[in-house]
């Protein structure tokens with residue numbers, strides 16, 4: 001193999017490795033952005049800090065709740081209302097941080113996976129608008145009955161946001177493995193053309209061609225897994241999202257096996 005052929009094939013391998021790196025990055029966690037001033041990594045740090053603040057409000061809330069239950073006085077009820085307001089506000093801020101994190105992550109991933117639908121972005125924006133409105137209501141609560149009503153409404157929206165988070169993560173994970181698959185198929189054709197152009201036979205060339213054929217058998221398994229992922233995405237809940245992540249991991253493993261086979265072929269023909 002001459003120097004230029006080796007350089008060309010090494011570029012192919014580096015490109016494939018880059019896309020494998022992308023899927024590992026997205027699996028480890030996945031329209032214009034709603035007030036996108038920060039990266040998903042920055043929003044994630046906000047989420048951690050705001051969630052810790054929310055947790056810090058739970059004990060004072062429980063303490064004031066117990067005191068109010070025990071004494072049933074005007075003072076204890078006022079204290080309990082204030083603690084309830086603080087807990088609700090902290091929860092709203094925490095949920096908003098999660099919503100911004102997931103929406104920003106999807107926007108960033110779109111540059112890789114070519115996600116072109118708008119409905120999920122619109123739903124994220126609707127929930128962000130609700131959270132802004134809920135925060136105003138929480139700051140102006142004047143009764144425990146109003147607080148309970150807001151908490152019920154917030155719980156309903158949190159379930160919807162959580163489901164949207166599962167959808168976004170699944171879109172990112174599935175879109176990433178599909179992107180890797182598409183790029184790996186392109187490199188498969190390039191490597192096939194190169195091996196097919198080899199007119200001289202020999203142990204290394206013959207072994208490389210056999211290794212190539214064996215590596216390509218993995219594409220059939222990958223295609224079955226991709227079909228399974230397409231079917232899973234038609235319905236969404238936490239159980240389905242967990243299953244999607246499991247199948248994505250399987251798919252990524254199969255793609256990595258194909259990649260390793262190609263790498264072995266390239267370096268064996270140096």
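Every number in this text was worked out from the coordinates using simple rules, so none of it is lab data. Not measured: the values here are computed from a predicted model. All Cβ positions, glycine included, derive from the backbone under ideal geometry; neighbour counts span all protein chains shown.
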Report summary line: Kirkwood Rh over alpha-carbon pairs of the range 108-207 plugged into Stokes-Einstein at 4 °C, 1.567 mPa s gives a D in µm²/s of 71
**Report entry** Extension gain from residue 182 to residue 129, taking 0.36 nm per residue of separation minus the Cα-Cα distance
**Finding:** 15.3 nm
Query raised in the report: Cα atoms only, the range 197-246: Rg and Dmax in Å?
Result: 18.6, 56
**Report entry** Radius of gyration and Dmax over the Cα atoms of the range 185-270, both given in Å
**Finding:** 16.7, 56
Query raised in the report: How many Å³ per residue does the convex hull of the Cα positions in the chain occupy?
Result: 144
**Report entry** Sorted largest first, extent of the range 57-150 alpha carbons per principal axis (Å)
**Finding:** 59, 21, 14
**Report entry** Pairwise label distance in nanometres, residue 82 with residue 227, each label 7 Å out on the Cα-Cβ vector
**Finding:** 6.5
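Using a Förster distance of 35 Å, how high is the FRET efficiency between residue 245 and residue 63, based on the Cβ-Cβ distance and rounded to 0.05? Show your work: numbers first, answer last.
Numbers: r = 39 Å, r/R0 = 1.11.
Once the sixth-power term is evaluated, E becomes 0.35.
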Requested in this report: For residue 153, put the label point 7 Å out on the Cα→Cβ axis and report which residues of the range 72-96 keep their amide N under 17 Å from it.
Outcome: 85-93, 95-96
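So how much slack lies between residue 257 and residue 211, counting 0.36 nm per residue of separation and subtracting their Cα-Cα distance, in nm? Present the calculation step by step, with values, prior to reporting the outcome.
On the way: separation 46, 0.36 × 46 = 16.56 nm, distance 1.18 nm.
Stretched out fully, the residue 257 to residue 211 stretch lengthens by 15.4 nm.
Rank by packing, highest mean first: peptides 174-187, 113-126, with packing defined as the count of other Cβ atoms within 10 Å averaged across residues. Write down the numbers at each step before the final one.
Values: 174-187: 19.6, 113-126: 14.9.
Answer by packing, highest mean first, reads 174-187, 113-126.
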Requested in this report: With a Förster radius of 35 Å, plug the Cβ-Cβ distance of residue 146 and residue 119 into 1/(1 + (r/R0)^6) and report the FRET value to the nearest 0.05.
Outcome: 0.60
